[in-house]
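The values are calculated or read from the model by the stated rules, or taken from the named source; none is laboratory data. Given the structure is predicted, the values throughout are model-derived calculations rather than measurements. Reconstructed Cβ throughout: ideal geometry from the backbone, glycine too, with neighbour counts over all protein chains shown.
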């Protein structure tokens with residue numbers, strides 16, 4: 001039996017993208033929550049993500065890198081079709097990335113400006129990613145109606161990132177800020193419920209392929225596991241955040257973990273809807289794949305290196321465990 | 001619409017090697033670019049366990065130009081001139097990559113200088129070294145962040161601006177880029193956190209190791225990206241199988257003929273750039289507070305590194321040039337503005353190359369100089385540009401960039417040697433010398449950018465020498481989209497660059513001990 005390399009690479013790319021969405025999602029979410037906090041809290045919030053954001057964004061480079069390596073044809077098609085949202089996302093990521101450093105070095109109104117750019121960059125990047133996702137689901141269909149759908153997805157994704165950021169802050173902060181984060185979590189949950197609900201209603205309307213996949217009885221019944229499990233996790237995060245607010249003995253990472261489960265389920269649903277297409281209705285993973293010789297080389301390299309990457313990522317989260325204080329950047 | 005899959009032009013790739021395009025090629029060919037693509041459904045293959053890549057990639061040739069559905073027809077919007085699209089794509093990519101390279105050029109070597117500071121602290125226990133390490137770690141962090149965010153742009157622009165590049169040579173370029181991400185990016189990004197914020201959280205040896213691993217990561221990154229760039233200059237080790245270009249021998253792909261020279265040249269360039277940043281910012285600090293002991297020490301460190309590396313760079317640069325003469329002779333002919341093949345060719349010191357007339361105006365020459373330098377024989381024959389027509393790079397940009405690079409190199413040798421002499425035995429140099437050094441803080445950038453201009457423009461009209469032409473790799477992006485994004489990038493980059501230079505100067509001016517008490521004491525010491 002030969003290995004189906006394109007399938008393996010699709011799985012690897014999926015893992016990289018899910019890792020990116022969850023990891024950079026929480027630090028983008030924290031960035032979007034900045035205006036809701038006071039100056040001292042902002043320092044704590046940035047300190048909580050300071051050691052991690054850089055490696056988090058590397059998962060984006062890996063995901064895009066794998067698309068480039070394994071599916072060069074799709075890379076060109078997808079990225080040229082998403083040209084402007086990609087540029088907007090990149091500019092957003094640049095602004096917020098350097099704002100980490102600039103905001104602690106600047107003084108007076110400069111500092112305010114970099115705080116604002118940190119928020120703006122986080123928001124712009126999240127919004128652009130949402131538009132990219134929406135456009136990707138519809139197969140890059142042009143037209144105003146589709147653009148509204150893209151905006152809907154973008155709104156949902158921003159809410160999802162805010163939820164990730166808020167639950168991250170529940171885990172990594174304490175006291176008044178943690179209490180605030182519980183409130184943000186609740187808002188994020190409502191926003192996500194609305195967003196996911198609307199997107200789920202709209203997706204079968206905009207895509208025939210997805211509709212066929214979703215309403216294919218009796219498979220649909222098995223598929224119902226995904227929304228039901230999402231609903232259960234949603235309720236669980238809601239309850240867990242409430243218990244944090246009351247000070248019950250519950251691990252402070254629980255809401256964050258629950259949010260990751262919601263993300264993983266949504267991601268599974270998306271993967272199920274789109275598979276085996278890389279560009280819906282047009283390019284399948286096997287059509288877009290690179291030559292097996294280059295896939296093999298990268299696969300061997302990835303299998304050797306990925307355990308190390310995971311190993312030292314775990315190590316760094318271990319080193320920077322515990323509650324954040326606002327003093328990280330006073331090094 | 002905000003974004004549109006406009007597909008005004010997608011030039012068919014000119015087949016360089018018929019084998020590459022045998023049968024149904026992997027390149028999209030627009031037989032009927034005006035035809036709207038009918039949405040066509042492909043049957044999913046299900047979970048096949050064989051590897052049907054080659055069979056299926058052939059069906060990628062759609063009945064139109066690309067799998068992007070066309071939403072505008074040429075009647076409603078005339079296609080942009082292909083050369084304009086290529087020019088804009090090149091301008092934008094050039095801007096992005098030039099901006100990006102500024103920061104890795106500093107961090108590759110500065111990471112090792114930090115290892116030195118960290119090791120000195122570990123060895124001596126002198127708190128002064130720790131303060132120095134901390135100050136330069138902050139400068140490193142800022143520079144690194146600039147490099148990371150502008151580097152993410154690069155990973156997207158291969159696809160957005162040059163889809164033809166990945167379609168044609170993706171099987172070689174892809175794995176090299178993937179290994180850069182896997183081995184270098186994660187290593188440096190992960191341990192940077194420990195290095196920057198972990199000093200009180202991990203044992204001393206672990207912190208030292210993290211500093212080393214960040215430096216290893218930055219150098220590894222240079223290794224992979226230069227392997228790819230050198231392969232694009234002097235491709236070896238590839239093969240054609242079933243019409244696709246693949247790597248036949250990875251060792252030959254990576255260690256292609258120009259790679260060892262280009263890598264060494266770039267690492268030394270990074271060393272020089274970082275050394276002048278260290279020396280320049282230390283000089284700036286000494287202009288504010290002449291008594292700063294740490295700044296005197298780092299000034300000396302920067303100058304000594306520069307004084308050692310600068311002449312070494314001249315030597316390696318010469319070897320690199322001879323290697324280029326062997327493998328890319330047209331590039332050398334353009335760099336030296338040699339229009340006609342001849343014996344005993346003079347060395348053109350200065351001229352204004354006249355592309356229309358194929359000659360040099362206002363030339364100042366050393367008779368037989370070029371033959372002597374390049375062939376080590378005064379009467380040796382050198383191939384001129386006439387020999388390589390029509391595939392020659394633009395001459396004037398190459399000619400001037402090369403002279404700018406060499407000129408900067410000469411100034412750097414002179415300044416670093418003079419500076420080392422003037423700082424011997426802990427001496428404080430005169431203020432004019434400190435001002436000069438401060439002015440030279442970013443001199444490495446100018447030399448490095450000029451050098452990259454030489455090597456990249458010198459490869460034209462090829463994107464991958466002999467395999468893929470630049471014009472055939474450009475993306476079908478509309479001029480409006482390119483224009484809008486170019487504007488966005490220019491504004492963002494200008495702001496970031498200004499902020500970067502201002503903050504760096506400001507941080508360095510405050511010195512390594514920002515506590516007000518100590519700061520005041522140092523100032524008094526300087527005044528006394």
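Per the listing B:378, B:337, the residue uniquely buried (at least 21 other Cβ atoms within 10 Å of the Cβ), outside any strand (DSSP E or B) and touching a residue at least 24 places away in the same chain (Cβ under 8 Å) is B:337.
Within region B:471-499, the set of residues being more than 7 Å from chain A (Cβ to nearest Cβ), more than 21 Å from the chain's Cα centre (by Cα) and crowded, with 21+ Cβ neighbours inside 10 Å comprises B:472, B:478, B:482. Annotation for region A:308-315: no member residue is modelled with pLDDT under 80, under 30 Å from residue A:233 (Cα atoms) and within 25 Å of the chain's Cα centre (by Cα). Could you say whether any residue in region A:279-286 is crowded, with 16+ Cβ neighbours inside 10 Å, at the interface with chain B (Cβ under 10 Å from one of its Cβ atoms), touching a helix residue (DSSP H, G or I) at 6+ places or on another chain (Cβ under 9 Å) and part of a helix (DSSP H, G or I)? Yes, there is a match, as at least one residue in region A:279-286 is crowded, with 16+ Cβ neighbours inside 10 Å, at the interface with chain B (Cβ under 10 Å from one of its Cβ atoms), touching a helix residue (DSSP H, G or I) at 6+ places or on another chain (Cβ under 9 Å) and part of a helix (DSSP H, G or I). Of everything listed in (1) within 30 Å of residue B:245 (Cα to Cα); (2) in contact (Cβ under 8 Å) with a residue 40 or more places away in the chain, the single unmet condition for residue A:122 is (1).
Just checking, how many residues over region A:185-213 are closer than 16 Å to residue A:149 by Cβ, in contact (Cβ under 8 Å) with a residue 12 or more places away in the chain and surrounded by 15 or more Cβ atoms within 10 Å (Cβ to Cβ)? Matching residues across region A:185-213 total 11. Scanning region A:91-105 for residues that are without any contact (Cβ under 8 Å) to a residue 24 or more places away in the chain and either in contact with a strand residue (DSSP E or B) (Cβ under 7 Å, 6 or more places away or on another chain) or at the interface with chain B (Cβ under 7 Å from one of its Cβ atoms) (or both) yields A:98, A:101, A:102, A:105.
Residues checked against (1) touching a residue at least 40 places away in the same chain (Cβ under 8 Å); (2) within 11 Å of chain B (Cβ to nearest Cβ); (3) touching a helix residue (DSSP H, G or I) at 6+ places or on another chain (Cβ under 7 Å):
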| residue | (1), (2), (3) |
| --- | --- |
| A:10 | yes, no, yes |
| A:15 | no, no, no |
| A:23 | no, no, yes |
| A:68 | no, yes, yes |
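Here B:158, B:140 are screened, and the one residue that is in the same structural domain as residue B:463 (by TED's automatic domain parsing) and modelled with pLDDT of 85 or more is B:140.
If the requirement is being modelled with pLDDT under 90, crowded, with 24+ Cβ neighbours inside 10 Å and out of contact with any helix residue (DSSP H, G or I) (no Cβ under 7 Å at 6 or more places or on another chain), which of these qualifies: A:87, A:73, A:77, A:98? Talk me through it step by step, then tell me what you get.
Details: A:87 fails: out of contact with any helix residue (DSSP H, G or I) (no Cβ under 7 Å at 6 or more places or on another chain); A:73 fails: out of contact with any helix residue (DSSP H, G or I) (no Cβ under 7 Å at 6 or more places or on another chain); A:98 fails: out of contact with any helix residue (DSSP H, G or I) (no Cβ under 7 Å at 6 or more places or on another chain).
Sole residue among the options that is modelled with pLDDT under 90, crowded, with 24+ Cβ neighbours inside 10 Å and out of contact with any helix residue (DSSP H, G or I) (no Cβ under 7 Å at 6 or more places or on another chain): A:77.
In the condition set (1) out of contact with any helix residue (DSSP H, G or I) (no Cβ under 6 Å at 6 or more places or on another chain); (2) in contact (Cβ under 8 Å) with a residue 40 or more places away in the chain; (3) closer than 25 Å to residue A:233 by Cβ, residue A:182 is compliant with all but (1).
Going by the structure shown, is residue B:208 in contact with a helix residue (DSSP H, G or I) (Cβ under 9 Å, 6 or more places away or on another chain), buried (at least 23 other Cβ atoms within 10 Å of the Cβ), more than 8 Å from chain A (Cβ to nearest Cβ) and assigned to a helix (DSSP H, G or I)? Spelling it out, it is not the case that residue B:208 is in contact with a helix residue (DSSP H, G or I) (Cβ under 9 Å, 6 or more places away or on another chain), buried (at least 23 other Cβ atoms within 10 Å of the Cβ), more than 8 Å from chain A (Cβ to nearest Cβ) and assigned to a helix (DSSP H, G or I). Residues that are over 12 Å from residue B:182 (Cα atoms) and facing another protein chain (nearest Cβ under 7 Å) within region A:45-59 comprise A:50, A:51, A:52, A:54, A:57, listed in sequence order. For region B:276-284, the criterion of being away from chain A (no Cβ under 14 Å) and over 14 Å from residue B:441 (Cα atoms) is met by none of the residues.
Quick check on residue B:130: is it surrounded by 24 or more Cβ atoms within 10 Å (Cβ to Cβ), more than 9 Å from every other protein chain (Cβ to nearest Cβ) and either at pLDDT 85 or above or within 15 Å of the chain's Cα centre (by Cα) (or both)?
Details: surrounded by 24 or more Cβ atoms within 10 Å (Cβ to Cβ): no; more than 9 Å from every other protein chain (Cβ to nearest Cβ): yes; either at pLDDT 85 or above or within 15 Å of the chain's Cα centre (by Cα) (or both): yes.
So residue B:130 does not fit the description; no.
All conditions in (1) assigned to a loop (DSSP other than H, G, I, E, B); (2) touching a residue at least 40 places away in the same chain (Cβ under 8 Å) hold for residue B:386, with the sole exception of (1). Within region B:458-470, the set of residues being surrounded by fewer than 21 Cβ atoms within 10 Å (Cβ to Cβ) and more than 26 Å from residue A:72 (Cβ to Cβ) is empty. Evaluating residue A:139 against the criteria (1) over 23 Å from the mean Cα position of the chain (by Cα); (2) at the interface with chain B (Cβ under 9 Å from one of its Cβ atoms) leaves one unmet condition, (1).
A single member of B:165, B:223 is within 18 Å of the chain's Cα centre (by Cα), within 13 Å of chain A (Cβ to nearest Cβ) and assigned to a helix (DSSP H, G or I), and it is B:165. Residue under question is residue A:86, and the condition is that it be touching a strand residue (DSSP E or B) at 6+ places or on another chain (Cβ under 8 Å), part of a helix (DSSP H, G or I) and within 7 Å of chain B (Cβ to nearest Cβ); does it hold? Criteria not met by residue A:86.
Residue-wise test of (1) without any contact (Cβ under 8 Å) to a residue 40 or more places away in the chain; (2) within 25 Å of residue B:462 (Cβ to Cβ); (3) assigned by TED's automatic domain parsing to the domain that holds residue B:264; (4) in contact with a strand residue (DSSP E or B) (Cβ under 7 Å, 6 or more places away or on another chain).
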residue	(1), (2), (3), (4)
B:321	no, yes, yes, no
B:327	no, yes, yes, no
B:331	no, yes, yes, no
B:346	yes, no, no, yes
B:351	no, no, no, yes
B:368	yes, no, no, no
B:371	yes, no, no, yes
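Would you check if residue A:302 is within 14 Å of another protein chain (Cβ to nearest Cβ) and within 23 Å of the chain's Cα centre (by Cα)? Yes: the conditions hold for residue A:302.
Tallying residues that are away from every other protein chain (no Cβ under 13 Å) and surrounded by 21 or more Cβ atoms within 10 Å (Cβ to Cβ) within region B:235-254 yields 1. In this structure, is residue B:429 crowded, with 17+ Cβ neighbours inside 10 Å, over 24 Å from the mean Cα position of the chain (by Cα) and assigned to a loop (DSSP other than H, G, I, E, B)? Yes; evaluated as a whole, the condition is true for this residue. Given the condition under 16 Å from residue B:303 (Cβ atoms) and in contact with a helix residue (DSSP H, G or I) (Cβ under 7 Å, 6 or more places away or on another chain), answer yes or no: does some residue in region B:445-459 qualify? Checked against the condition, which is being under 16 Å from residue B:303 (Cβ atoms) and in contact with a helix residue (DSSP H, G or I) (Cβ under 7 Å, 6 or more places away or on another chain), region B:445-459 yields no hits at all. Here is a check on your reading of the model: is residue A:134 crowded, with 24+ Cβ neighbours inside 10 Å, facing another protein chain (nearest Cβ under 10 Å) and touching a helix residue (DSSP H, G or I) at 6+ places or on another chain (Cβ under 8 Å)? Spelling it out, it is not the case that residue A:134 is crowded, with 24+ Cβ neighbours inside 10 Å, facing another protein chain (nearest Cβ under 10 Å) and touching a helix residue (DSSP H, G or I) at 6+ places or on another chain (Cβ under 8 Å).
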